[in-house]
Amino acid sequence: MRIAVLGATGAAGRAFLRRVAARGHALATERADIFDPRALAALLKGCDAAVNLVTSIPKPGGRGDWRVNDRIRREGTASVLAACREAGIGILVQQGVAMLHCVADDRPQTEEDPIEGYGVLASAFDMEALVREAPLELAPGARRPLLRTGHAARGALAG
């Protein structure tokens, strides 16, 4: 399977690339502006799936900007979804935010738990709604995957 990876140079992207390359998948990792339909079309050409791991989350002493991150989550995700539809890609793995599912401290959270998005998480809530509602063609019985990140999901990317 040929997989286009957006955000391949970030922490989640580097971890994802190692695991997927080890399984023998071909990867398209060229830089592409998430807001540029032509750049996305070029990256997605010939791919069977796409993984969107693009963020701009501020880190202490590092780069990142919450306003840019909000735009990436809302407009960038919509752009990736449109490019996938245009390219005929029906498999999209979108990086999600595990904290949206934090409804109780006394048990593990599941994707069936309600989600809440407020403050810096409001755009993550909007991003996940875009992905859930996207008219991508999935195999019968398949679920649209959201790769959860954050403290609750950290083990999913380790190992």
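What follows is calculated from the coordinates using simple rules that are stated; it is not laboratory data. Everything numeric here is computed off the predicted structure, so don't read it as measured data. So basically every Cβ, Gly included, is an ideal-geometry build from the backbone, and we count neighbours across all protein chains shown.
Worth a mention:
- Each 10 Å bin from 0 upward holds the following percent of the Cα-Cα pairs of region 1-132: 12, 40, 34, 13, 1.
- If R0 is 22 Å, the Cβ-Cβ spacing of Arg71 and Arg132 corresponds to a FRET efficiency of close to 0.65.
- Here Asp65, Asp105, Asp48 are placed in order of increasing Cβ neighbour count within 10 Å, fewest first, which gives Asp105, Asp65, Asp48.
- In this simple spin-label model, placing a label point 7 Å from the Cα along the Cα-to-Cβ direction at both Arg38 and Glu86 gives a separation of 1.1 nm.
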